[in-house]
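Have a look at the structure below, then the notes.
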Amino acid sequence: MTIAKIQSVRGMNDILPDEAEFWDMFDEIIRSWLKSYGYRPLRLPIVEPTPLFKRAIGEVTDIVEKEMYSFVDSLNGEALTLRPEGTAGCVRAVIQHNLIAQQPQRLYYMGQMFRHERPQKGRYRQFYQVGVEALGFPGPDVDGEQILMGARLWDDLGLDGIKLQLNNLGQPAERARHRAELISYFERHGEELDEDGRRRLHSNPLRILDSKNPALQELILGAPQLIDHLGGESLAHFDGVQQVLRDAGQPFEINPRLVRGLDYYNLTVFEWVTDRLGAQGTVCAGGRYDGLVEQLGGKPAPACGFAMGVERLIALIREAGGETRAAAVDVYVVHQGAAASRLAARVAEGLRDRGIDVLFHCGGGSFKAQMKKADASGARFAAIIGDDEASAGEVTLKPLRSFGEQPNVQMRVTVDGLADEIMDCILNWEES
Ligand code: HAM
């Protein structure tokens, strides 16, 4: 009888070591980039009460209507959901712990999000986001700063060709007036709408503007524009953001059709888009959400943020030929014989004490077999200990990679002098 293998859930991927090491390096770059802008980390639950997302993201959005992994806690009947995004949870935590009572906050989080979408390249049911939120800042300066943070990161990651799209969604009252005009416009052209459009006509007519259906494009082009309904303050905010971008020499395109799939936005919205990833080309997206803190029960506070899709960014780095293998360890410890193995374990720990990365051979085998493994590990050196070395209190140090001008020869070193010898070699190697 064959036993059926259990596979991972469709759209949820394992990240195997070669890739995961690269993800770790990516995380490090992200953390130091965020630190350089004064953002501080938050670790948030993956599961939140379902009403949080309904209230924050909006009942008639695609995410809430059909993409949430929701379930009832069988122990207490509570409606719960695997987070489809991080802004709602972040704002919930900020309110719950009164984080912005004294001063504004710049916060970030990293981790898995869950959306029951149709999986395809760049679109998964479990995916990772880096989310960046600034709470308590009303001005366009912070919107501008957040957008420019993206530009710096693309540069740090060696990515080019990521284009910035910008729009301004105004304030709720301005949107309401525009919405009423949109509905009457689409009603007048009801027979030209597709099924999706007819469904959204009264629930979320703005989303019709985002339709990819070629048959609708002409109709969409002639639709009333939100920009014509914006008042002085909204226009001034928009000008302020554009000024920051122009001052920094950051090119952008104003896209009046950029409406975003979450309901909490007002004023600035933006997306960073590449054409190198096929259909799922948005690597980073966000905007201002001044009403959300109050909507979730907090004291009114302005806010603004964005999130990046990690899988998409990593695919882009790969596509650009970025290094995808993390550096191997420094030393592979090869050993044989009882006394030699005990000494080897001590040697390995001693090297680690000095900050040297060590792979200690496990599983026995001949010297020849172990040396093969040492070579395949990518380590720079093998530290070899047999009976002979053990009785002399020494180690044979064999370079596995040629380095600099120095001859690639092995040498005997005392156990106590080993770390210094390795550090000297590495230093010479890096200088040459
Ligand atoms: P979002 O546009 O829904 O915004 O997602 C942000 C980014 O997450 C997208 O641009 C994309 O790179 C990535 N992403 C979204 N869905 C998937 C998926 N199914 N598979 C792979 N990647 C995906 C938000 O989530 C907002 N919370 C952003 C924000 C933060 N706005 C203000 N603050």
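The values are calculated or read from the model by the stated rules, or taken from the named source; none is laboratory data. Values in this document were obtained by computation on a predicted structure and should not be read as measured data. In this analysis, Cβ positions are derived from the backbone assuming ideal geometry, glycine residues included, and neighbour counts consider all displayed protein chains. All accessible areas refer to the heavy atoms of the entire protein, side chains included, with ligands and DNA or RNA removed. Shrake-Rupley method; radii C 1.70, N 1.55, O 1.52, S 1.80 Å.
Quick notes on this one:
- Output for the stretch 70-104, where each listed residue is within 13 Å of the ligand (Cβ to nearest atom) and either touching a His at 6+ places or on another chain (Cβ under 8 Å) or not in a helix (DSSP H, G or I) (or both): Leu82, Arg83, Pro84, Glu85, Gly86
- Those residues of the stretch 23-53 which are assigned to a loop (DSSP other than H, G, I, E, B) and either open to solvent by 80 Å² or more (accessible area, probe 1.4 Å) or not aromatic (Phe, Trp, Tyr) (or both), in sequence order: Ser36, Gly38, Leu42, Arg43, Leu44, Pro45, Ile46
Rundown of residues vs (1) without any contact (Cβ under 8 Å) to a residue 24 or more places away in the chain; (2) closer than 23 Å to Thr268 by Cα; (3) not in a loop (DSSP other than H, G, I, E, B), yes/no style:
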| site | (1), (2), (3) |
| --- | --- |
| Glu187 | yes, no, yes |
| Arg199 | yes, no, yes |
| His202 | yes, no, no |
| Leu206 | no, yes, yes |
| Gln217 | yes, no, yes |
| Ile220 | no, yes, yes |
| Pro224 | no, yes, no |
| Ile227 | no, yes, yes |
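- Test set (1) surrounded by fewer than 20 Cβ atoms within 10 Å (Cβ to Cβ); (2) closer than 30 Å to Ser391 by Cβ - Leu351 fails condition number: (1)
- Selection over the stretch 386-402 of residues that are open to solvent by 30 Å² or more (accessible area, probe 1.4 Å) and assigned to a strand (DSSP E or B) gives a count of 2.
- Just one of (1) at pLDDT below 95; (2) more than 9 Å from the ligand (Cβ to nearest atom); (3) under 22 Å from the mean Cα position of the chain (by Cα) fails for Thr268. It is (1).
- With respect to the conditions (1) modelled with pLDDT under 90; (2) open to solvent by less than 20 Å² (accessible area, probe 1.4 Å); (3) of a type outside the set (A, V, I, L, M, F, W, C), Arg200 falls short on a single one, namely (2).
- If the condition is being within 16 Å of the ligand (Cβ to nearest atom) and modelled with pLDDT under 95, then the stretch 1-22 contributes only Glu19.
- Across the stretch 111-149, the qualifying residues are those that are in contact with a Pro (Cβ under 9 Å, 6 or more places away or on another chain) and among the aromatic types (Phe, Trp, Tyr), and the one among them that is nearest to the ligand (Cβ to nearest atom) is Phe114.
- Checking each residue in the stretch 60-69 for being surrounded by fewer than 19 Cβ atoms within 10 Å (Cβ to Cβ) and not in a helix (DSSP H, G or I) picks out Val60, Tyr69.
- Checked against (1) surrounded by fewer than 14 Cβ atoms within 10 Å (Cβ to Cβ); (2) modelled with pLDDT of 95 or more, Glu405 passes all but a single condition, namely (2).
- Residue in the stretch 285-292 that is within 30 Å of Gly122 (Cβ to Cβ), of a type in the set (A, V, I, L, M, F, W, C) and under 33 Å from the mean Cα position of the chain (by Cα) present: yes
- Restricting Pro214, Pro205, Pro256 to residues that are of a type outside the set (Phe, Trp, Tyr) and surrounded by fewer than 13 Cβ atoms within 10 Å (Cβ to Cβ) narrows the list to Pro214.
- Pairs with Cβ under 6 Å, 6+ apart, first in the stretch 169-181 and farther than 15 Å from Leu201 by Cβ, second hydroxyl-bearing (Ser, Thr, Tyr) and outside any helix (DSSP H, G or I): Leu169/Tyr265
- Residue that is farthest from the ligand (Cβ to nearest atom) [pool: residues in the stretch 246-265 that are of a type in the set (A, V, I, L, M, F, W, C) and in contact with a strand residue (DSSP E or B) (Cβ under 8 Å, 6 or more places away or on another chain)]: Ile254
- Given (1) under 16 Å from the mean Cα position of the chain (by Cα); (2) part of a loop (DSSP other than H, G, I, E, B), index of the condition Ile147 fails: (2)
- Qualifying residue in the stretch 372-384 (condition: without any contact (Cβ under 8 Å) to a residue 12 or more places away in the chain and surrounded by 14 or more Cβ atoms within 10 Å (Cβ to Cβ)): no
- Taken together, the residues in the stretch 354-363 that are touching a helix residue (DSSP H, G or I) at 6+ places or on another chain (Cβ under 7 Å) and either under 15 Å from Glu421 (Cα atoms) or open to solvent by less than 40 Å² (accessible area, probe 1.4 Å) (or both) amount to 4.
- Listed by position, the strands (runs of 3 or more DSSP E) contained in the stretch 278-370 that have at least 3 residues being away from the ligand (no atom under 16 Å from the Cβ) and modelled with pLDDT of 95 or more are 331-335.
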